[in-house]
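Enquirer: Below you'll find the structure I mean.
The values are calculated or read from the model by the stated rules, or taken from the named source; none is laboratory data. Quick caveat, the model's predicted, so the values are computed rather than measured. Surface accessibility is based on the protein's heavy atoms, side chains included, excluding ligands, DNA and RNA. Shrake-Rupley method; radii C 1.70, N 1.55, O 1.52, S 1.80 Å.
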Amino acid sequence: MAQYRLSAQMIGRSSGRSATAAAAYRAGSRIVDHETGIIHDYTAKRGVMHTEIITPANTPDWMKDREQLWNAVHTVETRKNSQLARELQLSLPHELTAEQQANLVRRFVEEQCVERGMIADIAIHAPSPDPQ
């Protein structure tokens, strides 16, 4: 039986969080933070099944590059209380195939985020094993 879960939180400077670090971790990728010089390398992270960046129409192509995108956010949002990103975590039905899950997430973020002018950086993870 499918269970519903949705959590939302802000990634902001006031809490000491970094959008470059969060994006690298979620996507299982490597991002160099140009502001601090820190290399966030999560390429050994397992369980990342799909990543994708969806942008509104007429967005420059460079914004589909994760490192360039999140470093640009850090460059523009300089206030100590800047909100760098919104993070949405949701559970996907296990009954769906990986392709169906990706399509479901894609439709959701296009309707709820991209149509409102936001860029969505998607990372779909394999379900965690049941702790029984």
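Enquirer: Take the solvent-accessible surface of the protein heavy atoms, probe 1.4 Å, and return the percent of it on the chain that carbon and sulfur atoms account for.
Expert: 50 percent
Enquirer: To the nearest 500 deg cm²/dmol, what mean residue ellipticity at 222 nm is calculated for the chain from DSSP H runs of n ≥ 4 alone, each contributing -39,500 (n - 2.57), summed and divided by the residues?
Expert: Result for the chain: -8000 deg cm²/dmol, rounded to the nearest 500.
Enquirer: Which residue fluctuates the most in the chain, going by a Gaussian network model with Cα springs under 10 Å, if the choices are ALA120, ALA23, ALA57?
Expert: Top of the fluctuation ranking is ALA57.
Enquirer: Could you work out the percent of alpha carbon pairs in the chain separated by over 25 Å, rounded to a whole number?
Expert: Tail of the P(r) past 25 Å holds 28 percent of the pairs.
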